[in-house]
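Working notes for the structure below.
The values are calculated or read from the model by the stated rules, or taken from the named source; none is laboratory data. Remember, it's a predicted structure, so these values are computed and weren't measured experimentally. Here Cβ is always computed from backbone atoms with ideal geometry, including for glycine, and neighbour counts include all displayed protein chains.
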Amino acid sequence: MQQQRRRSRLILGLVALGLLAGVALTVGPAQAVDALGPYYAKPAWDQKMVVVNRFVVLTNWASAAVLDKETGLVWEKSPATDFHTWGQARVDCLAKTTGNRKGWRLPSMHELASLVQPSGFTLGGPTLPPLHPFVGVKGGTPQSDFYWSATTDAANPLNSAWGVGFDDAVVGENPKIDNVRIWCVRGGGLLSKY
């Protein structure tokens, strides 16, 4: 009798574990919220996000980083104000501790260009989406300038790399020895070959 009860409890326990595992497998990833968290984003490169809901300032990162829910990338809220050669830009992003977190890198050309809002562009910018939370990247300021990407120029990979001009929405390449601004990113998987 006692052995039969144990067997029944064991069977009920296994059924309960099976149900819990089934629920865990059917639950999708958490979505970002606009309050104190959680901040998980399901990348939606194939979708166009509503401008008002696209960006979330990450308050649990001392409000120093911004989640782009359209791409799932985390950007520095305020890019660096100094200039770097391409090689130094890569090193400086790797050394960042923005939001008290490591794991920053130079974005790929595609990732950096995803922040450009080509419609409604006027000379002098801004070329970022309306209602963006970024600081220091807008037309008419000294920081509106060309930013390095990690993507090298296929025609001249040893000597030049691509970037984006956020004051004029121009995507182009520059010699790697030029001093250009950087805007570091975290997450994603579109790393370009260095």
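Overview of results
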read-out	value
Some residue of the stretch 179-193 being at pLDDT below 90, surrounded by fewer than 17 Cβ atoms within 10 Å (Cβ to Cβ), more than 20 Å from A65 (Cβ to Cβ) and not assigned by TED's automatic domain parsing to the domain that holds L106	yes
Filter result for the condition that a residue is surrounded by 12 or more Cβ atoms within 10 Å (Cβ to Cβ), over 22 Å from V137 (Cβ atoms) and at pLDDT below 90, over A16, A44	A44
Selection from the stretch 82-118 of residues that are part of a helix (DSSP H, G or I) and among the acidic types (D, E)	D92, E111
Residue, surrounded by the fewest Cβ atoms within 10 Å (Cβ to Cβ), within the stretch 65-114, restricted to residues that are among the aromatic types (F, W, Y) and over 21 Å from E173 (Cβ atoms)	W104
Qualifying residue in the stretch 108-116 (condition: at pLDDT below 95 and over 20 Å from the mean Cα position of the chain (by Cα))	no
For T141: the one exception among (1) polar (S, T, N, Q); (2) touching a Ser or Thr at 6+ places or on another chain (Cβ under 8 Å); (3) at pLDDT below 80	(2)
Filtered residues of the stretch 64-90 (kept if at pLDDT 90 or above, under 17 Å from A113 (Cα atoms) and among the hydroxyl-bearing types (S, T, Y))	S78
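Here's the yes/no breakdown for (1) crowded, with 22+ Cβ neighbours inside 10 Å; (2) in contact (Cβ under 8 Å) with a residue 12 or more places away in the chain:
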{"position": "D145", "(1), (2)": "no, yes"}
{"position": "T151", "(1), (2)": "yes, yes"}
{"position": "A154", "(1), (2)": "no, no"}
{"position": "N159", "(1), (2)": "no, yes"}
{"position": "G163", "(1), (2)": "yes, yes"}
{"position": "F166", "(1), (2)": "yes, yes"}
{"position": "E173", "(1), (2)": "no, yes"}
{"position": "I177", "(1), (2)": "no, yes"}
